[in-house]
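Just below is one structure, and these are the notes that go with it.
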Amino acid sequence: MNVVYLVSTGNNKNNIEYINKNLDYKFLSISNHKIMDNISNLLKNIDNIYTSEDVKCIEAGIHLGTSNKVIVTVDSSFNKLKYYSKISLDDKEELWRKLVKDFNYKLNSESINEVKKRVSSALKLVLFHKPDTNCVIVTHKSVIIALLSIWCEVGLNYDNNVIMDYKGKTIIDGVWNKPLVFKLCFEGKDLLSLERVTF
């Protein structure tokens, strides 16, 4: 059996000031560093760790890798949803609302369904090449939503944010800003169970 933990890094509010304000990447916030320490204490006996190319995901992966003595593998397949042009934060939020209403929608970006195809292919390789292992994938909200939509019922809540149920239990309800952990158990490529981990 394979156990896969999906870990998101949360947002960067109350983060340190960047020396260069024009950076296109963000570091893991100080408060989320502390949360990653808690997650590291929770997730033991990890065999493999994969992260997106995002700096804060790599930082989180290093937290987990250090406590488990595992080398972190950076894999672009787990990168966040791609935007094909520079857009403002407000425009990005408006686009996100459209993306979660229609998983095929795209405008200067990937659609959620395109992310799902990309990430599910990468997950299949992990399950095939690393059977009977425990692994962590540190990635982004868009990737997690896309991947979980394979097995979850997807809808919109009263605030028009995404809501996801697995076997009648709500595991995502609206926007999240803090790190979250999801545990998926597989037998071969078949999902046996899916839960949100509390920590």
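Quick look at the numbers
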quantity	calculated
Where labels lie 7 Å past Cα in the beta-carbon direction, separation of Val154 and Tyr83 in nm	2.0
Built amide H within the under 5 Å cut-off of Tyr50, gap 5+	Thr73, Val136, Ile137, Val138
Ratio Rg/Rh, restricted to segment 147-193 and using Cα atoms, in which Rh is the Kirkwood radius	1.00
Label corresponding to log10 I(q)/I(0) by the Debye sum over Cα atoms at q = 0.09, 0.15 Å⁻¹ when calculated from the structure given, among [x] -0.32, -0.95; [y] -0.40, -1.06; [z] -0.41, -0.93	[x]
Using θ = phi - 60° and Karplus 6.51 cos²θ - 1.76 cosθ + 1.60, couplings along segment 143-154 (whole Hz; Gly, Pro as x)	5, 5, 4, 4, 5, 5, 5, 5, 10, 9, 7, 10
Highest-first arrangement of 34-40, 149-155, where packing means the average Cβ count within 10 Å	34-40, 149-155
Solvent-accessible heavy-atom area per residue, rounded to whole Å², over the chain at 1.4 Å	55
Difference of contour (0.36 nm per residue) and Cα-Cα distance, Lys44 to Ser120	24.9 nm
Of all accessible heavy-atom area on the chain, the percent that carbon and sulfur account for (1.4 Å)	50
Peptides ranked, highest mean first, by Cβ atoms within 10 Å: ranges 190-198, 117-125, 52-60	52-60, 117-125, 190-198
Only Lys, Arg (+1) and Asp, Glu (-1) charged, at Cβ; the chain dipole about Cα centre in debye	80
Nonlocal amide H pairs with Tyr105, under 5 Å, H built at 1.01 Å	Ile112
Distant-in-sequence amide H partners of Asn11 (H built 1.01 Å from N, under 5 Å)	Lys178
Dipole axis of segment 74-199 (+1 Lys, Arg; -1 Asp, Glu on Cβ), positive-most option in Val100, Leu127, Gly155	Leu127
Additional length obtainable on full extension of the chain from Thr198 to Lys98, 0.36 nm per residue less Cα span	33.1 nm
Sequence-separation-based contact order of segment 49-168, relative, with Cα cut under 8 Å and 6+ spacing, percent	28
Karplus-derived 3J(HN,Hα), 6.51/-1.76/1.60, for each residue of segment 156-164, Hz, glycine and proline x	10, 7, 5, 8, 6, 9, 5, 10, 10
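The values are calculated or read from the model by the stated rules, or taken from the named source; none is laboratory data. In this text the structure is predicted, and so the values were computed from the model without any measurement. Quick reminder, even Gly has a Cβ in these numbers, built from the backbone with ideal geometry, and neighbours come from all protein chains shown. All accessible areas refer to the heavy atoms of the entire protein, side chains included, with ligands and DNA or RNA removed. Shrake-Rupley method; radii C 1.70, N 1.55, O 1.52, S 1.80 Å.
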